[in-house]
Amino acid sequence: MNNDLTRRLTHGAMMIALFTILLAISIYVPLLNLITALFVPLPLVWYSAKYNRSSSISVAAVSIVVSFLIGGLAALPFALIQAPAGLVMGEAIRTKKSKLYMLMSTGLTLLITTVLQYLALVKLFDVNIVAEVMSSVRSSIQSSLDMMDRFGQLDRQTEQAAMDMMALFEASVPAMVILTAFFSAFLYILLYTPILKRLGVKVPKFESFKEMKLPKSVLWYYLLVLLASFIDTEPGTFLFMVIINAHIILRMLLFLQGIAFIHFVVHEQKWPKWVTIISTILAFPLQTFVVMLGIFDLGFNIRNFVSNSTRK
């Protein structure tokens with residue numbers, strides 16, 4: 001019993017120190033921080049995957065406090081986002097949840113902690129980062145328009161297009177925050193699972209990406225959003241924001257479905273792996289086509305057609 005407690009305390013102290021060091025480097029060391037920032041939650045993931053919830057929460061809480069004491073106020077927001085994410089991801093591994101559960105829980109944790117910090121900054125300190133960024137972008141666009149006007153190259157159509165682009169960008173901020181949170185969670189899982197395996201931690205396995213199949217209801221949601229987009233809505237209104245953000249998120253999901261179908265075809269045709277890499281890279285400039293593939297993959301049973309034609 002004493003040996004177990006000693007081991008738990010020793011390991012916890014090591015993870016707190018490692019978390020704090022990675023966090024400090026991520027804040028104060030240029031260039032190197034691009035790498036270390038990706039691995040800040042890893043010590044807490046490792047600890048939470050091995051020990052019970054109460055011990056893991058204690059280690060995460062102490063990690064936040066130590067990070068604040070060493071890194072100051074600059075470290076606190078980062079620690080308050082990364083520590084809960086590491087705790088939740090490690091807990092999912094310890095309780096043998098699926099990787100899909102791990103992705104959703106970690107992504108939601110990152111999203112919730114980010115939103116809570118944003119609300120705290122607005123309410124407590126009257127600091128609105130999003131509004132400041134929007135103001136900066138708006139000023140930059142206006143400066144460009146003024147320059148075009150001085151050279152006589154500005155017309156009403158160009159000015160309206162710039163204003164529409166600004167309104168679209170401003171309305172799509174929620175979708176970008178959501179996608180960033182879940183992409184970060186996916187990146188953590190992708191990077192950490194091989195490392196944790198080498199450290200002797202049993203991690204769940206994802207199905208191969210080529211087997212990805214979204215619920216067919218995604219198609220219906222996408223159709224409803226497309227129909228709603230024909231409604232004449234004023235930029236800045238709540239309905240405008242809902243339609244724009246839903247469209248971005250659903251289109252991204254169908255884009256991923258299209259890439260998964262391409263991977264499936266490459267695998268069925270037994271083409272070399274470099275074809276998968278090249279086709280994935282080309283998918284980004286050909287996004288509209290890939291989204292259409294995703295729609296057909298969900299709406300029609302074309303995978304069976306591909307499999308049957310391959311066997312023949």
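Observations, loosely collected:
This table checks each residue for (1) over 30 Å from L100 (Cβ atoms); (2) of a type in the set (V, I, T); (3) modelled with pLDDT of 80 or more.
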position: Q117; (1), (2), (3): no, no, yes
position: L121; (1), (2), (3): yes, no, yes
position: S144; (1), (2), (3): yes, no, no
position: F151; (1), (2), (3): yes, no, no
position: Q157; (1), (2), (3): yes, no, no
position: M163; (1), (2), (3): yes, no, no
position: A167; (1), (2), (3): yes, no, no
position: P174; (1), (2), (3): no, no, yes
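- Test: residue in the stretch 87-96 that is farther than 20 Å from A60 by Cβ and polar (S, T, N, Q): no
- Where V137 falls short, out of the listed (1) surrounded by 12 or more Cβ atoms within 10 Å (Cβ to Cβ); (2) farther than 26 Å from A246 by Cβ; (3) without any contact (Cβ under 8 Å) to a residue 40 or more places away in the chain: (2)
- Residues of the stretch 59-75 that are touching a residue at least 12 places away in the same chain (Cβ under 8 Å) and surrounded by 16 or more Cβ atoms within 10 Å (Cβ to Cβ): V59, A60, V62, S63, I64, V66, S67, G71, A75.
- Residue within the stretch 162-178 that is under 28 Å from V275 (Cα atoms) and open to solvent by less than 70 Å² (accessible area, probe 1.4 Å) present: no
- Top-ranked residue of the stretch 195-213 - restricted to ones that are at pLDDT 90 or above and of a type outside the set (K, R), ranked as most open to solvent (accessible area, probe 1.4 Å): I195
- Extreme residue, least open to solvent (accessible area, probe 1.4 Å), among residues of the stretch 214-247 that are assigned to a helix (DSSP H, G or I), farther than 27 Å from L282 by Cα and touching a residue at least 40 places away in the same chain (Cβ under 8 Å): F240
- Looking across I278, I189, I259, one residue alone is aliphatic (A, V, I, L, M), without any contact (Cβ under 8 Å) to a residue 24 or more places away in the chain and out of contact with any Cys (no Cβ under 8 Å at 6 or more places or on another chain). It is I278.
- Restricting the stretch 86-114 to residues that are open to solvent by 60 Å² or more (accessible area, probe 1.4 Å) and assigned to a helix (DSSP H, G or I), the residue that is farthest from K205 (Cα to Cα) is I112.
- Taking helices (runs of 4 or more DSSP H) as the structural unit, those lying wholly within the stretch 248-312 and holding at least 3 residues that are under 28 Å from L168 (Cα atoms) correspond to 273-283, 287-299.
- Residues satisfying the stated conditions in the stretch 279-298, i.e. loosely packed, with under 13 Cβ neighbours inside 10 Å and over 26 Å from W220 (Cα atoms): I281, L282
- Scanning the stretch 1-55 for residues that are of a type in the set (F, W, Y) and open to solvent by less than 50 Å² (accessible area, probe 1.4 Å) turns up F19, Y47, Y51.
The values are calculated or read from the model by the stated rules, or taken from the named source; none is laboratory data. Everything numeric here is computed off the predicted structure, so don't read it as measured data. Cβ: placed from backbone, ideal geometry, glycine included. Neighbour counts: every protein chain shown. Each accessible area value is taken on the protein alone, full model and side chains, heavy atoms only, with ligands, DNA and RNA left out. Shrake-Rupley method; radii C 1.70, N 1.55, O 1.52, S 1.80 Å.
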